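The values are calculated or read from the model by the stated rules, or taken from the named source; none is laboratory data. All figures in this text were calculated on a predicted structure; none of them were measured in a lab. Here the Cβ positions follow ideal geometry from the backbone for every residue, glycine too, while neighbour counts run over all protein chains shown. Note: accessible area is taken over every heavy atom of the protein model, side chains too, but ligands, DNA and RNA are not part of it. Shrake-Rupley method; radii C 1.70, N 1.55, O 1.52, S 1.80 Å.
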Amino acid sequence: MFLHLRLRPTLLAITLAATLTTLPTHADTLRIAIMGEPASLDPHKISGKWENDVVGDLFEGLVTEAADGERIPGVAESWEISEDGTVYTFHLREDARWSDGEPVTAEDFVFAFRRILDPATAADYAYLLYPVRNAEAIYTGAAEPHTLGIEALDARTLQITLERSTPYFLDQLSHYTAYPVPKHVVEEHGDRWSRAGNMVSNGPFKLQRWQSQTRIEVIPNEHFHAADDIALDEVVYFPIEERNTALNRFRAGEIDVAREFPTEQYAWLRDNLPDATHTAPFLGIYYYVFNSRDGHPTADPSVREALSLAVRREVISEQILGTGEEPAYSFVPPGVGHYDPAQLAFADMSQEERMARAQELMAEAGYGPDNPLELRLRYNTSEDHRKVAIAIAAMWKPLGVEVDLFNSEVAVHYADLRQGDFDVARAGWIGDYNDAQNFLSLLESGVANNYGAYSNEEFDALMREAAETQDLDRRGEIMADAEQVALDDSATLPINYYVSRNLVNPALQGWENNIEDIHRSRWISFED
Amino acid sequence: MLLYVFKRLFQAIPTLLIVITLSFFLMHLAPGGPFDGERQLPAEIEANLLATYNLDQPVWKQYLIYLGNLLQGDFGPSFRYKDFTVTELIAEGFPVSLELGLWAIALALLLGIPLGIVAALRRNTGLDYVVMGTALAGVAIPNFVIAPLLALVFGVMLAWLPVGGWNDGHWRNMVLPVVALSIQQIAYIARMTRASMIEVLGSHFIRTARAKGLSEREVIWHHALRPSLLPVVSYLGPAIAGIITGSVVIEQIFGIPGIGRYFVQAALNRDYTLVMGTVVFYGMLIVLLNLIVDLIYSVLDPQIRYDD
Amino acid sequence: MTTETTTLHAQGASPHLGESLGREAWRRLKQNRAAMASLVLLTLIAVACLVGPWLTPWGLNEVDWTAFSAPPSLADGHYAGTDANGRDLLTRTLYGGQISLSVAVVATFVSLVIGVLYGAVAGYVGGRVDTLMMRFVDIMYSLPFMFMVILLMVVFGRHILLIYAAIGAVEWLDMSRIVRGQTLALKRREFVEAARALGVRGRTIVTRHLIPNTLGPVIVYVTLTVPKVILLESFLSFLGLGVQEPMTSWGVLISEGVDMMQGAPWLLLVPSTFLALTLFCLNFLGDGLRDALDPRTR
């Protein structure tokens, strides 16, 4: 099969060359299946994961990602950070150019930051820049746009001032919310600047063609500062929502990279395409929310703990999903910088001990064979969510829990979660950036994404303390203490940590698995 | 006749208005909004987004705003595909769906009708059973099974045809989706043609024609065929509207950039403007095609008139 | 004219004559071997779905923690294998049959009754009534089905009756268009004109003369509606209105099975086979029924 796969592209190229001339036939076209049609190619109008694959090849932030996801200098070649961690001074590289040859200036960054925070832009993700001084106030209209903490000291020097020291800010600058946008082009074309033909970008590639719902073509940007190092002649992104379609197209040699494959095909892939199948830990947590509001049985921490104890996470990871998801005994996934995750107290207990303890807790809470606990478990419709929900309902059965499984499509699911209309509900979180705070903030009192309305003063106080702490390691320790508090409370039911699943043509070089699953095409080449 | 057509086109206005009104309120009454997803937005961001799309207004006001824009031919921007307006999305996707759909319909008619006639003439013979059995298989296997199967066999295993992609409508990319789209239609048309042909062949006027000593060929071509196509035509009106607006299953499995996906995805994403755009567009097609069907009736059976 | 008038008499018959007509049809149906074989098989499938689940060694929602996605095996009682959650596929398919068959019967019946009556009345009365009735059909065609379903769910909660209602509400449209088309043609035929000239009431003409003569296309369309209805039900499940776990249906099982086509083909093959068999039987039975009921073939 493997041999087959490697031969196929060449064969395909020969047949194509013989029969038609409309397809690009040169070998160094990288063809990537992304998981959906981008909402936009304007970095300020997107909030999804797959948009990042395209937009991250088109643009470059002050900081950017290496092949392994590590942060390296991007448009900024160097920077200084003030003692108190609130003032960043960036020196932009001299050879930073837009794809039309214009220089990328500090002013482009100022323009971009102001634009994303302008309510008229209606950017979903504007809040990611709230660490910047006055950003939130400007968004809500409480401050003038020019008071934003970003300033062009000269064309090549940019100063960003933060509200308070934010240890993960440098990482965040590689995110698409912090990309520069070309002031001269946006002013000329308005909202239509991100269309093919109008768009000018500063990254390794530039937009050639965008045919919605079927393909996006980009070619190297000859003005890019490292243009000489780019091995590819073209990158084509195919939006493919059906994971099985992506797999089939990969097998037929029509694409080189599939950014996701169906979990249920993992066993087959491991046997037949072992060199192409990549799974790696990914910065995300799959968990169940407990509704902590009064009137729900899950408001009782011991019921929550019993339910959590009864879930055999290893069975779910290995038998139900089986794509190398690690069973989760913490809320923050492993691999987060400057952070050593806390752990559920029962992680070391055997399954028998856990069940015994769970039985005890349920009895104490007043539930038993004659007074069974009735729960409504909600999940949004999807094969994997369904399988996990069925398995967990079966695992709770020995506790005498009667589960009413309730699925709905995603909009209804989350609308009802916001209303608090559930006992237990499926949820997931993928880190916006590599920092524990991004996960733990979901459990702070009154936060929008805290669907279960979990509230613990001790936890909140620790999180506030961490926010004020400069030293990264100390800050990590405080957050770990906070996480321990939440885990001891069984605030949520962590099930497993996400993994990234990619199919990658073995002939490609420069693909490195990493926890954020970021793979920029500039590092990729075909082996000769 | 012309007067009838004008009358019907005029009737389309109130019909579509009712469709728009009902759909608009149905959509807004349903729970879940365009910004309900795995990631809940901070309150001020959500408030701003709602305001941007006028969603903070009372529904009746939004309705009036929508109608006002519609009168000027403005379907609004898509909430989900932010770089495009609804008009652009439909204008870009519809030709693709239309092209695929017309091929599928042509194939279905060219195969379905002759097969149905043959089966009717050779009724209850081996040939009839083979033809109808095959047609039944086409009905029994849903397209979400046929499509991936075709892709797997002809795309992956045999590698005769591309698994997916549109490639600007190259014929190689069209074969599998057209076949997948038409299999069910062939079956429907063949089954219906057979049934109504049998009905017509047994009727009085055919017996009269035969009694007059006309040849079997003449009887079938000149007398039986047209009336027996009547139910097929009735079925085809709405069916064609469905086929040329694409199928979400076929489009997703073969990566076709048509508009079929919007009918489902726009609703799932609560992309209100796109939902309304597809509803209005589909409504217009239904009205138009059912009008054409009614006109074809009088061609197939000159006795059918609408003037009373 | 002679044949048509006999039809007229046969159709406008007295109750006792109608009874003998039914007996007559049944006698003729019995002579049709394909139809009878289908009837027997259909009954078998229905009985298996009703009784079978008690006979299989595993329960509907019983998890076999030692067999996830396991192939069919006689040894452990999973005669058709297990699904990804370790549940017995045969048991689930039989239970699923209860839902699918009942949905097929009820929803198809609803669409048949509404569609045929609606179409025949519109076609026969014609004029303004026809226009109004058909514009209503156009409107129903155009409304976004998904939101109708979601709203139904919000207002009435989730209940199996709603599945019938939701499906019945859309499936009668095609039927009414087809019957109307036939009626438009039939009402100009001599035998209808004759009945009218004899002073037969409109209602009688519709029920006794028009509808019986549309039977051929109607029966065929019914057999074509059944698979549509069964598969539509699985879409409702996706939205959360259809059957809910742990219950299942053939449509749901098939759509689950498609994704496992390569690793665990039995998950697709078993429910598909049940569905296909049912449809084949229905089809031959439908053809036989049409022949048996045809007033002219006597």
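Quick notes on this structure:
- As an equivalent ellipsoid, segment A:106-233 spans semi-axes of 28, 18, 14 angstrom, where each value is the square root of five times an eigenvalue of the C-alpha gyration tensor, largest first.
- Accessible area buried, both sides summed, chains B and C with 1.4 Å probe, Å²: 5600 Å²
- Span from the segment A:144-193 Cα centroid across to the segment A:51-111 one, whole angstrom: 10 Å
- Here is how the number arises for chain A: DSSP H runs of 4 or more residues each give -39500 (n - 2.57), the sum is divided by the residue count, and the result at 222 nm is -8500 deg cm²/dmol.
- With protein chains left intact and a 1.4 Å probe, residues in segment B:93-254 average 36 Å² of accessible area per residue.
- Whole-percent carbon and sulfur share, accessible surface of segment C:147-265, 1.4 Å: 64 percent
- Helix-derived mean residue ellipticity, 222 nm - over chain C, DSSP H n ≥ 4, -39500 (n - 2.57), to 500: -24500 deg cm²/dmol
- Over chain B, volume per residue of the alpha carbon convex hull, in Å³: 176 Å³
- A Stokes-Einstein calculation at 20 °C with viscosity 1.002 mPa s, built on the Kirkwood radius of segment A:456-528 over Cα pairs, returns a diffusion coefficient of 135 µm²/s.
- Quotient of Cα Rg and 2.2 N^0.38 Å for segment A:281-500, N being how many residues it contains: 0.97
- Residues along segment B:267-283 losing 50 Å² or more of accessible surface when the other protein chains are present rather than the chain by itself (probe 1.4 Å): B:Leu268, B:Arg270
- As a length-normalised measure over Cα pairs under 8 Å and 6 or more apart, the relative contact order of segment A:37-235 settles at 26 percent.
- Pairs of Cα atoms nearer than 8 Å and 6+ residues apart set the relative contact order; for segment A:78-188 it is 34 percent.
- Total accessible surface hidden between A and B, rounded to 100 Å², 1.4 Å probe: 4600 Å²
- Bridging of A:Lys45 to lysines at a Cα separation below 23 Å is possible for A:Lys183, A:Lys206, B:Lys82, once same-chain residues fewer than 8 apart are set aside.
- Relative to the longest principal axis of the Cα atoms of chain B, helix B:272-300 runs at roughly 20 degrees.
- When A:Phe290, B:Phe6 are compared by accessible area of protein heavy atoms, the largest-first order is B:Phe6, A:Phe290, using a 1.4 Å probe.
- Heavy-atom accessible surface of segment A:37-235: percent carbon and sulfur, 1.4 Å: 43 percent
- Solvent-accessible heavy-atom area per residue, rounded to whole Å², over segment A:77-220 at 1.4 Å: 38 Å²
- Cα pair count fraction exceeding 28 Å, expressed as % - segment B:93-254: 31 percent
- B:Trp60 accessible area, 1.4 Å probe, all protein chains in place, Å² to nearest 10: 150 Å²
- Chain C against chain A buries an accessible area of about 2000 Å², both chains summed, 1.4 Å probe radius.
- Largest-first principal axis extents of the Cα set of chain A (Å): 75, 59, 37
- With the simple spin-label model, which puts each label point 7 Å out from Cα in the Cβ direction, the B:Glu92 to B:Val153 separation comes to 3.5 nm.
- Scattering profile of the protein assembly as shown at q = 0.07, 0.08 Å⁻¹ [log10 I(q)/I(0), Debye over alpha-carbon scatterers]: -0.73, -0.93
- Rounded percent of accessible protein surface that carbon and sulfur make up, chain B, 1.4 Å probe: 71 percent
- Contact order, relative form, for chain C: 27 percent (alpha carbon pairs under 8 Å, 6 or more residues apart, mean separation divided by residue count).
- Comparing the full protein assembly with the isolated chain (1.4 Å probe, heavy atoms, ligands and nucleic acids excluded), the residues of segment B:180-204 losing at least 30 square angstrom of accessible area are B:Tyr188, B:Arg191, B:Met192, B:Ala195, B:Glu199, B:His204.
- Helical content of chain B, expressed as a calculated mean residue ellipticity at 222 nm, amounts to -23000 deg cm²/dmol (DSSP H runs of 4 or more residues, -39,500 (n - 2.57) each, divided by residue number, nearest 500).
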